[in-house]
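The values are calculated or read from the model by the stated rules, or taken from the named source; none is laboratory data. Since this is a predicted model, take the numbers as computed values, not measurements. Methodologically, a virtual Cβ is constructed for each residue, glycine included, from the backbone with ideal geometry; neighbour enumeration extends over all protein chains shown.
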Amino acid sequence: MRPLITCSLAALLCLIVVIPGICQQTMTARQIIDKADKNMQGDSSISTMTMTIKRPTWERTIGFKSWAKGTGLALALVTEPAKEKGQTFLKRENDMWNYIPSIGRLVKLPPSMMSQGWMGSDYTNDDVLNESSLVLDYTHELLGTEDFQGNKCYKIQLTPLEESDIVWGKIITWISSADYLFLKSEYYDEDQALVRTETGSEIKIMDGRKIPTRLEIIPADESNNRTIVMIKTMDFNVKIEDGFFSQQNMKSLK
């Protein structure tokens, strides 16, 4: 009987080792994207960041604070430099506004402006205000696994749904299989030409979560240009009332 017991124990140990790997492999591409997105966003968040725009002949840094709740509410406040300080950007579902305190003007942003650079950077208004959802507005295809900077990653292609108002033709993203972090994303236009590449690095723990704190975008046709976002602080699942995301609050934030 002893050989039978040994075999049974060996089989059990084999199952204990193998099953978690099988479960991980059976995650769909959508589930992987959803897990990575929730890890980076949370149900709500408050963050402080700096954005450095680099060009061949100049560079400048913008400081800002942002609040987000779900996929429908977002508010960003520019804190530096002095010239732009106090500008705010609000998103409520499909509507977006920009308040410019120097002229006391509130401007509604049309959908056509979502693809334009935010504050002259390589990030778009869509990136900053989270107008589109990586989970809801795309179909997802797992292309396989691939190493990126020493990390084993899921390589996933996102294709926008026909009914979605998306500026990209497709996105290919690399998500670490160990921690579900977005480490690299390539953005293509409707003609399938590469427009820009975004990378995430300098992984740190913020509010109990491991996230990339350095995000860098390089345009495909202007490789000497880049925009670097450094996340200074980030708090997740903070209680924020829906009323905080209002046009009135845009004008009073400090």
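Below, the figures for the structure above:
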{"quantity": "Out of Thr233, Thr213, sole residue that is in a strand (DSSP E or B), in contact with a strand residue (DSSP E or B) (Cβ under 6 Å, 6 or more places away or on another chain), of a type in the set (Ser, Thr, Tyr) and in contact (Cβ under 8 Å) with a residue 24 or more places away in the chain", "calculated": "Thr233"}
{"quantity": "Any hit, region 143-154, residues being buried (at least 17 other Cβ atoms within 10 Å of the Cβ), more than 24 Å from Ala68 (Cβ to Cβ) and of a type in the set (A, V, I, L, M)", "calculated": "no"}
{"quantity": "The listed residue being surrounded by fewer than 17 Cβ atoms within 10 Å (Cβ to Cβ), of a type outside the set (Ser, Thr, Tyr), out of contact with any Gly (no Cβ under 6 Å at 6 or more places or on another chain) and modelled with pLDDT of 95 or more, out of Asp221, Asp165, Asp235", "calculated": "Asp235"}
{"quantity": "Matching residues, region 167-193, being free of Cβ contacts under 8 Å to residues at least 40 places away in the same chain, outside any loop (DSSP other than H, G, I, E, B) and not aromatic (Phe, Trp, Tyr)", "calculated": "Lys170, Ile171, Ile172, Ser176, Leu183, Lys184, Ser185, Glu186"}
{"quantity": "Residue list for region 147-191, filter: charged (D, E, K, R) and farther than 17 Å from Thr26 by Cα", "calculated": "Asp147, Glu162, Glu163, Asp165, Lys170, Lys184, Glu186, Asp189, Glu190, Asp191"}
{"quantity": "Single condition Ser252 does not satisfy, out of (1) at pLDDT below 90; (2) touching a strand residue (DSSP E or B) at 6+ places or on another chain (Cβ under 8 Å)", "calculated": "(2)"}
{"quantity": "Condition check for Glu198: acidic (Asp, Glu), under 13 Å from the mean Cα position of the chain (by Cα) and closer than 30 Å to Arg55 by Cβ", "calculated": "yes"}
